[in-house]
1. Looking only at the stretch 108-144, filter to residues that are among the charged types (D, E, K, R) and within 10 Å of the ligand (Cβ to nearest atom); which one of those is surrounded by the most Cβ atoms within 10 Å (Cβ to Cβ)?
2. State which residue pairs qualify: first residue within 7 Å of the ligand (Cβ to nearest atom) and inside the stretch 83-94, second residue of a type in the set (A, V, I, L, M, F, W, C) and part of a strand (DSSP E or B) in any location, beta carbons under 7 Å apart, and separation of 6 or more residues or different chains.
3. Taking the stated definitions as given, is ALA38 hydrophobic (A, V, I, L, M, F, W, C) and either in contact (Cβ under 8 Å) with a residue 12 or more places away in the chain or within 15 Å of VAL69 (Cα to Cα) (or both)?
4. Out of the stretch 232-260, which residues are without any contact (Cβ under 8 Å) to a residue 60 or more places away in the chain and among the charged types (D, E, K, R)?
5. Take the residues of the stretch 167-184 that are surrounded by 14 or more Cβ atoms within 10 Å (Cβ to Cβ) and within 11 Å of the ligand (Cβ to nearest atom): which is nearest to the chain's Cα centre (by Cα)?
6. Could you list, ordered by first residue, the pairs with Cβ atoms under 9 Å in which the first is in the stretch 115-130 and outside the structural domain of LEU209 (by TED's automatic domain parsing) and the second is near the ligand (Cβ under 8 Å from one of its atoms) and of a type in the set (Val, Ile, Thr), at least 6 apart or interchain?
7. Please list, ordered by first then second residue, the pairs with beta carbon atoms under 7 Å, 6 or more apart or interchain, first in the stretch 174-194 and outside the structural domain of LEU99 (by TED's automatic domain parsing), second within 14 Å of the ligand (Cβ to nearest atom).
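The values are calculated or read from the model by the stated rules, or taken from the named source; none is laboratory data. Quick caveat: nothing in here was measured; it's all calculated off a predicted structure. Here the Cβ positions follow ideal geometry from the backbone for every residue, glycine too, while neighbour counts run over all protein chains shown.
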Amino acid sequence: MNIQQALQQATTGLNKTSPSASIDAQVLLTFILDCNTAHLVAWPEKDLSADQESTYLHLIQQRQQGTPVAHLTGSREFWSLNFQVNDSTLIPRPETETLVEYILENFDHEKKIKLLDMGTGSGAIALSIASEKPDWKILGSDISKQAIQLADNNKIKQQTSNCIFIHSNWFNNISAIDFDIIVSNPPYIANDDPHLSQGDVRFEPKSALTSGDTGMDDIKHLCAHAKNHLKNNGWLIVEHGYNQKQLVADCFSNHDFTEIEQRQDLSGHTRMTAGKKL
Ligand SMILES: C[S@@+](CC[C@H](N)C(=O)[O-])C[C@H]1O[C@@H](n2cnc3c(N)ncnc32)[C@H](O)[C@@H]1O
């Protein structure tokens, strides 16, 4: 079987179960062949070895059963960095780059920011900001020890020196009270949301996704406690669901945050809220 035949067979096989069959087929083949997409285009007639073919077909079979591509390759790109991922936490999503962008735009001129990324997961937000801002001090925390191990692996992979990760149930192990920014992409899906039985989220831990009957429990907790750990004029910035715009804005204002700002993701959904501690 050559590259072109492998891609055709895989795409046909994935069409019924994946919304991105052709891209999945390409990503998995570049993973097996340890090459980039340009190589697939340049060498369509190149044969796969017997080992490559059987490993590829096995991955395609797992993908047909729903396993996320990122779990099959063990990695996902975020903010142009390559992150190791596994089933201990969320696979980083493109919409979360909105938070990174917002922070870099709004605090670009600040030299010595101290930032806390709560529910850091793979470390995607913390390490992306750390890579852009080597003078900032970054702390990432998560309730999952496996996620902290993963974030530490990513820190080593990216040779980051200005970021550390600690295990903590929200603020329980956070003693500092002088953060300039607390950022979080917390769990925010309602417990009975039907999307939980569709797509990649079926393979991600509920502890990274769900937050009570309305999806708001963790955001409410962050709003209630962040102020004890922020400097005056410090900012709380959270990602939330497309349908939680008003609930989150109200939650910020009920906890006396001011200058509340909201941002849309690339699909035009309001997915981020920021507010300043007086
Ligand atoms: C939606 S995921 C976000 C992961 C990562 N920040 C990202 O954007 O890809 C939420 C993360 O919050 C963590 N989490 C859930 N409950 C927590 C708690 N009580 N304290 C700290 N972290 C928590 C989960 O383990 C998970 O890693």
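1. By that ranking, first place goes to ASP117.
2. PRO92/PHE78; PRO92/PHE83
3. No, not satisfied.
4. LYS245, ASP250, ASP256, GLU259
5. SER184
6. That search, which allows pairs on different chains as well, returns nothing.
7. none
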